[in-house]
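The values are calculated or read from the model by the stated rules, or taken from the named source; none is laboratory data. For clarity, every value in this text was computed on a predicted model and none was experimentally measured. Please note: Cβ atoms are built from the backbone with ideal geometry, for glycine as well, and neighbour counts cover all protein chains shown. When the accessible area is computed, the model is the full protein with side chains, heavy atoms only, and any ligands, DNA or RNA have been set aside. Shrake-Rupley method; radii C 1.70, N 1.55, O 1.52, S 1.80 Å.
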Amino acid sequence: MFENGELAAARFHEPLIIGVGEKNYFLSSDVLGFIEQTDDAVYINNGNFVLINQAKLQIFDFDGNVIKPEITKVSKEFADVYKGDYAHFTLKEISEQSDTIFRAGESTKEALKEAVDYLRHSKNIYLTGSGTSYNASLVAKYLLAKYAKIKTESIISSELQFSPDLIEPNSILVAISQSGESADVLEAVNIAKKSNCKIISIINSLTSSLARESDIVIGMNCGPEIGVAATKSFTSQLIILYKIIQELNEEIKINFEEISSSISKILEEHNLIKKIASELKEISDIYVLGRGIHYPIAIESALKIKELTYIHAEGIAGGELKHGPLALMDTNVFVIIINPEDSTYQDTLTSAREIKARGAKIIGISDKNSDAYDFWVKIPKTDELTYPISETIPIQLLSYYAALEKETDPDYPRNLAKSVTVK
Ligand code: G6P
């Protein structure tokens with residue numbers, strides 16, 4: 001800021017957005033910084049400068065040429081940033097999922113169809129993301145192989161720079177990101193573009209940097225997610241993947257109403273889940289075990305527990321138990337067993353018994369009870385394809401209530417940021 005009150009700002013990779021109010025301007029890295037004041041935004045391009053005084057906004061490029069400000073109307077959806085009656089945004093966002101799943105991909109139906117066309121005809125397809133969005137890409141890899149016979153490779157965004165040769169030229173990169181601003185994801189996109197790849201992205205924030213870098217954009221449309229730990233954006237990502245699978249395989253008919261009512265039923269189990277959460281207060285290690293499609297959910301569950309409760313948590317592929325993790329099982333640990341009654345059921349039940357024999361406490365997430373479980377969280381019976389959504393909800397709730405028990409801040413966990421715009 002200059003002495004005369006004039007403000008200067010510059011964008012160097014990380015986002016810079018100007019909110020244009022009636023009598024004032026706002027500078028922010030995220031529209032959420034000013035959305036309660038104005039929904040008119042100017043997205044500043046990388047390397048550009050801004051000068052703001054009482055009277056006007058001026059934008060220049062790196063050579064000093066004047067750039068005309070282009071105002072974008074930010075979706076009104078993003079104005080819904082109030083907690084309402086909920087104690088925390090995280091709880092609000094978990095609770096919204098029976099509705100938000102209906103909106104996933106709805107504003108960009110044509111883009112979804114176009115994306116499906118590319119997926120159908122492309123030889124090499126890569127999926128990328130960070131954190132929860134990467135975990136969604138692991139589910140996608142599994143679903144595309146099993147239900148559409150399409151082979152893909154899932155790559156952690158921050159890892160791509162170390163093996164850019166993984167990417168075959170002229171391929172497809174599907175980038176998944178709630179914010180569309182994660183620096184690691186943007187870099188992965190950059191690397192893929194150098195190999196002339198088409199970029200299909202699945203994003204919640206449709207005005208983000210990633211949206212502008214992409215050839216095809218599919219919107220999660222789940223409204224602003226304020227809680228740092230991703231919840232509703234994850235289930236929206238899964239729903240978009242289901243819609244893609246449905247387009248690719250006409251034998252698959254997904255009942256979205258049924259998914260929504262399963263979510264509502266699980267959300268009624270607050271008291272049971274609170275009770276289990278109170279048992280986790282003094283625990284230092286939690287393992288989450290699942291097989292097949294439930295393994296990526298086990299990984300995502302462990303991430304949720306870590307982020308919200310600061311308890312060490314790890315996702316285990318059921319069959320790997322005997323290759324190491326069994327050595328860790330004793331009376332001090334809790335193990336969450338993701339075990340709906342599908343093709344993985346019997347093997348996973350056997351794992352549960354092996355763990356129980358070592359004295360660990362077991363939380364079974366299943367439509368069927370078993371004497372192997374110390375606590376049983378019932379989920380409604382669905383088909384194998386859609387279980388991942390029903391099994392995610394209780395673990396989000398459990399992580400939330402365990403955070404309250406541990407008196408951590410569920411919305412803003414220590415040391416973490418909602419969108420990591422730096423490398
Ligand atoms: C941060 C957040 C995570 C999120 C990840 C990816 O680390 O704390 O919750 O999963 O970024 O965010 P994105 O916006 O790219 O999905």
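Assorted remarks:
- Rounded to 10°, Cα long-axis angle of helix 270-279 versus longest principal axis of the chain: 80
- Cα gyration tensor shape for the stretch 101-259, rounded if a/c is under 1.5, else prolate or oblate: oblate
- Of all accessible heavy-atom area on the chain, the percent that carbon and sulfur account for (1.4 Å): 49
- Taking the DSSP beta bridges with both ends in the chain, the antiparallel portion is around 35 percent.
- Too-long pairs where the Cα-Cα distance tops 31 Å, listed order kept, from LYS73/LYS306; LYS68/LYS92; LYS151/LYS193; LYS194/LYS304: LYS73/LYS306; LYS68/LYS92; LYS194/LYS304
- Hz values of 3J(HN,Hα) by residue in the stretch 36-50 - Karplus curve (6.51, -1.76, 1.60), Gly and Pro given as x: 6, 9, 7, 10, 9, 10, 10, 8, 8, 6, 4, x, 8, 10, 10
- Shape box of the stretch 1-114 [Cα atoms, principal axes, largest first, Å]: 50, 40, 24
- Potential extension, LEU416-TYR86 segment - 0.36 nm per residue separation minus Cα distance: 116.6 nm
- Net charge of Cβ neighbours under 15 Å - reference ALA55; Lys, Arg +1; Asp, Glu -1: 0
- Principal axes of the stretch 322-373: Cα extent on each, largest first, Å: 27, 20, 13
- Net lengthening on full extension, GLU251/GLN54 (0.36 nm per residue, minus Cα-Cα): 64.8 nm
- Translational diffusion of the chain, µm² s⁻¹ [Kirkwood Rh, Cα pairs; Stokes-Einstein; 37 °C; 0.692 mPa s]: 146
- Ordering of 58-68, 192-202 by burial proxy (mean other Cβ atoms within 10 Å per residue, highest first): 192-202, 58-68
- Global form of the stretch 6-46, assessed from the alpha-carbon gyration tensor, a/c cut-off 1.5: oblate
- Diffusion of the stretch 114-207 by Stokes-Einstein, at 25 °C in a medium of 0.890 mPa s and with Rh set to the Kirkwood radius over alpha-carbon pairs, works out to 189 µm²/s.
- Net length gained if the chain between GLU70 and LYS275 were fully extended (0.36 nm per residue, minus Cα distance): 68.6 nm
- Folded to 0 to 90 degrees: helix 232-248 orientation relative to the chain principal axis, Cα: 80
- Principal axis dimensions, largest first and in whole angstrom, of the stretch 130-184 by Cα: 32, 26, 16
- Given R0 = 22 Å, the distance between the Cβ atoms of GLU14 and GLN37 translates into a calculated FRET efficiency of 0.55.
- Between helix 294-309 and the chain: long-axis angle, C-alpha atoms, 0 to 90°, nearest 10: 70
- Cα-based reach from LYS146 at 23 Å (exclusive), listing lysines while leaving out same-chain residues under 8 positions away: LYS113, LYS123, LYS243, LYS253, LYS381
- Given in Å, the Rg to one decimal and the Dmax to the nearest whole number for the Cα atoms of the stretch 59-155 are 19.5, 54.
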